[in-house]
Structure formats: structure tokens, C-alpha cells
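Nothing in this text is a laboratory measurement; each read-out follows from the coordinates by a stated rule. On a predicted model such as this, the values are computed, not experimentally measured, just so you know. Using ideal geometry, Cβ is built from the backbone for each residue, glycine included, and neighbour counts are taken over all protein chains shown.
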Amino acid sequence: MRIECTLRLLPRAAKEVGVLHRSMLMAALIMAAVVMAAPARAADAARGRSLAQAHCAGCHVIAPHMRNEVADSPPFMVIARKYGFDASVIAHVIAGPHPKMNFSPRGADAADLAAYIAALPH
């Protein structure tokens, strides 16, 4: 009797598992669409200035009217002009290898530093 009852429930259980898998797949697709549709994190120039003060000011002039500590490190204003005050280009350059730098910004750090540099007065 028990085996007979179990056999009758198998098709129903298989159907429920199929529904569960479809529901999980739909939930995953919806979550992926929401994540992909969300805007990327905007670069934060104020955070970039803090990063520059902490990691760059020892070698670079990071703001107008600041002393230069290392003569062969270009001031941020020169970097900004060289790349047309374009934050995306500056971020790409900053994220590249720099043999003399003791700080290698990546991702959000590079974007924030670039936003600060690009926002310097023209």
C-alpha cells in the first residue's frame, strides 16, 4: 500500500520540482536584469581628493598653489590638461602601471582620482 501511494505521488512531485526550477530561473533572470539595469557607481571627486591627499601629495602637486615635493612628478593640473580633462581617459592612465608610484589605484579608486583631477579648474 505504501509503495502504491508513493508511486501515485511521483508525477505530482516531479511537476512541483519543475515549477520550482522555473520559478528559481525566473527569479535569477529578474535579479540579473535589475543588476544590469542599475546605473554604475558615479565617480566621487571628493573621495578622489582624499585619496590624492593620502597617496599622491608626497610626489605630485594635487591642487593649485601647492608646493611640488618631487620635481619629476607632474602636477595634477598638467595631467588634467594633457588628457583634455577627460575623467575616463585619466582613469585609464591612472590604472596603468607606474614604476615609481607606491599606490596602484584600480576600479573605483582610479575613477574617483580621475574625477578629482578632471574637475580641477581649467
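Rounded to the nearest 20, the Cβ-based charge dipole of region 45-118 about its Cα centre (Lys and Arg +1, Asp and Glu -1) stands at 60 debye.
Sort region 51-122 into rounded, prolate or oblate with this rule: let a ≥ b ≥ c be the square roots of the eigenvalues of the Cα gyration tensor; rounded if a/c is under 1.5, and if a/c is not under 1.5, prolate when a/b is larger than b/c, oblate otherwise. Taking the square roots of the gyration eigenvalues as a ≥ b ≥ c, region 51-122 is oblate. With each label modelled as a point 7 angstrom along the Cα→C-beta vector, the VAL89-SER104 pair spans 2.5 nm.
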